[in-house]
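Laboratory data are not the source of any read-out in this text; all were calculated from the coordinates shown. Note that the coordinates shown come from a computational prediction; the quantities given were computed from them, not determined experimentally. Using ideal geometry, Cβ is built from the backbone for each residue, glycine included, and neighbour counts are taken over all protein chains shown.
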Amino acid sequence: MITLEELSKQYGNTTVVDRVSLTVERNSIMVIVGTSGSGKSTLLRMINRLVEPSGGRVLLDGADTRAEAAHLLRRRIGYAIQGHGLFPHRTVAENIATVPRLLKWDERRIHARVEELLREFQLDPQAYAAAYPHQLSGGQQQRVGVARALAAEPGVLLMDEPFGALDPIIRDKAQEDLLAIQRRFGTTIVLVTHDMDEAFRLGDQVAVMSEGRLLQCDRPAVLLTRPADPFVARLTGLADRALRLLSLTTAGEAALPGSCEGPAVPASASLREALSELLWRGAASVAVTGADGAPCGHLTLAAIIARGRP
Amino acid sequence: MRLTFTTLLRVAAVVLLLAFLFFPRAFAPLFAPLTQYGAPPIYDQGNLLQLALAQLATVCCAAAASTLVAVGLGVLVTRPAGAQFLPLSRTLVNIGQTFPPVAVLAVTVPLVGFGEKPTLIALFAYGLLPIFENTLTGLRSCPPGVLEAAHGMGMSARQRLLQVELPLAMPLILEGIRLSLVINVGTATIGSTVAAKGLGEVIIAGLLSNNTAFILQGGLVTGLMAILLYDLLAAVERRVCRTAHLE
């Protein structure tokens, strides 16, 4: 669990982060959103003390982060950034082994961990362990960047716009992978982004920042239905907030009993996708199929509309 | 290895240089037309091979000292604590380059006496600039994302320098060392004016006795050494870049 208490940062007379208090539950994903210059990156960088706070404190599982040397603290906290920041002069395996080496793990354990992570991120160790970063595609480099951040089994992972440099298709896959990894390792993740779709997709909680202040921190659905501030409403998108809300519920969760003829959507699809399918087909109802392809319910236009309102 | 025209040329240059240094007398007919009144066509007041080696040794010693100081200064002024020394360091290094080596000899001889020492000092000062500037450029051009990641993963300042910054700056640092060495191979000949062992002796002997053959021998051997050293170090640089994947 990460607790920020009245955390502030001033540079001269400029306040970049203004008394932010926030709690990130263990095994959850907290996404911090805001426009550029809102202080979100600075807030993130104060957690691993890349930026030293001017006031307030950060507690990691109840312990003040100032209790140990900053570089030792950072070895316990994963850190992934936009554009991956891989070492160009080291192989993929050496890159991933960076923090375990700093922590002086024995070579056998490092080797096993590197192989495990490469497999976890769908990179064949045979083909990629000895490759250099410039030989990989953008998506692969980004995966190695996240694998490197997770190498020493940190309980907390900080990510600063990690998918910002990826094209939409690879970004979609990277987000899916991150959710899978998070479920598998149970890592507590704090992620900074300016992409609202990304925030709503990944965040258990979403914190909205503007001009250094925390405006609201809530579950995505609450942020949409009960924005605490006009800025929050604007940022979450007034025009398509109903569609955003629909994208938070899966077809499986909203499915009505009984099946119907005609088009079908998988249970894992969002209501937004189900609605799109209905519009596309000009149908009034759509069947919902489970992972095995067998129908497990249906959705009607009226049922979807009911879900798209606060 | 592909046998291109340039590699052939290089092999020929090495063979020519070694042949001349080991068997200078064999080249006497070639240089005879340049002499007058029966003067010796080949330098006969010392061993050419020993002079060439002595000059090379002087240059290498000076380059080693320049490298240590210039890289050290470059590292210092790129640290937050040493940034304030940048203007001072730059001025010192620039003076080293703009102050003529001959003038350095004139100043240092009264202090340290004749021989190798004043030459070493002159070459050391003259060779600082290219290494310092290249070290600075190399360290400053490390990708910010890479440094940020190194910092964020918990590398100490020392680990970042030794494991990330210096390896990434290495190709440029090596280039600086190469420039410095090559400039100094030529410059080292002036050391003979203050009795340092080197090929300058041959050139000065030629000037004193009006023997063009001597002047040409000293100059050609020095020039060939500089060119071959340049090629050798360039090859080392390419190899370092390749193994470190820094192209």
Checklist entry - Fewest first, what order do B:Phe23, B:Phe214, B:Phe85, A:Phe163 take by the number of other Cβ atoms within 10 Å? => result B:Phe23, B:Phe85, A:Phe163, B:Phe214
Checklist outcome for this item: Given A:245-252, B:229-236, the highest-first ranking by average Cβ count within 10 Å works out to A:245-252, B:229-236
Checklist outcome for this item: Between the alpha carbon centres of the stretch A:2-66 and the stretch A:148-217 the gap in Å comes to 16 Å
Checklist entry - If the chain between B:Ala28 and B:Thr6 were fully stretched, how many nm would it gain, using 0.36 nm times the residue separation less the Cα-Cα distance? => result 5.1 nm
Checklist outcome for this item: Rounded to the nearest 10, the angle in degrees between the Cα long axis of helix A:107-120 and the longest principal axis of the Cα atoms of chain A comes to 20 degrees
Item to check | Fraction of beta bridges assigned by DSSP in chain A that are antiparallel (%, nearest 5) | outcome: 55 percent
Checklist entry - Efficiency by 1/(1 + (r/R0)^6): what FRET value for B:Leu228 and A:Thr300, r their Cβ-Cβ distance, R0 = 56 Å, to the nearest 0.05? => result 0.10
Next on the checklist: Run the reach check for A:Lys9 against lysines, Cα to Cα strictly under 16 Å, same-chain hits fewer than 8 apart removed. What comes back?
Outcome noted: A:Lys40
Item to check | Anisotropy class of chain A from Cα gyration tensor, a/c 1.5 cut | outcome: oblate
Checklist outcome for this item: Rounded to the nearest Å, the spacing of the alpha-carbon centers of the stretch B:203-222 and the stretch A:84-109 is 58 Å
Item to check | For A:72-85, mean number of other protein chain Cβ atoms within 10 Å | outcome: 4
Item to check | Pairwise FRET efficiency - B:Ser141 versus B:Thr243, Cβ, R0 = 22 Å, nearest 0.05 | outcome: 0.65
Checklist outcome for this item: Checked against the positive end of the charge dipole of chain A (+1 on Cβ of Lys and Arg, -1 on Cβ of Asp and Glu, about the Cα centre), the farthest of A:Gly203, A:Val20, A:Ile305 is A:Val20
Checklist entry - What dipole magnitude, in Debye to the nearest 20, does the stretch A:97-166 give about its Cα centre under +1 on Lys/Arg Cβ and -1 on Asp/Glu Cβ? => result 180 debye
Next on the checklist: Tell me which trypsin sites (Lys or Arg not before Pro) from the stretch A:28-110 have a DSSP coil assignment and no more than 15 other beta carbons within 10 Å of their own.
Outcome noted: A:Lys104
Checklist entry - Using a cut-off of 19 Å between alpha-carbon atoms, which aspartates and glutamates can reach B:Lys117, once sequence neighbours fewer than 8 places away in the same chain are excluded? => result B:Glu201
Next on the checklist: Give me A:Lys9, B:Lys117 sorted ascending by neighbouring Cβ count inside 10 Å, so fewest comes first.
Outcome noted: B:Lys117, A:Lys9
Item to check | Dipole magnitude of the stretch B:1-139 about its Cα centre (Cβ charges: Lys, Arg +1; Asp, Glu -1), debye to nearest 20 | outcome: 260 debye
Next on the checklist: With a cut-off of 8 Å between alpha carbons and a minimum separation of six or more residues, what is the relative contact order of chain B in percent?
Outcome noted: 24 percent
Next on the checklist: Please state the shape class of the stretch A:2-89: rounded when a/c is under 1.5, otherwise prolate if a/b exceeds b/c and oblate if not, all from the C-alpha gyration tensor.
Outcome noted: rounded
Item to check | Hits among aspartates and glutamates - C-alpha to C-alpha of A:Lys104 under 16 Å, sequence gap 8 or more where chains match | outcome: A:Glu94, A:Glu153
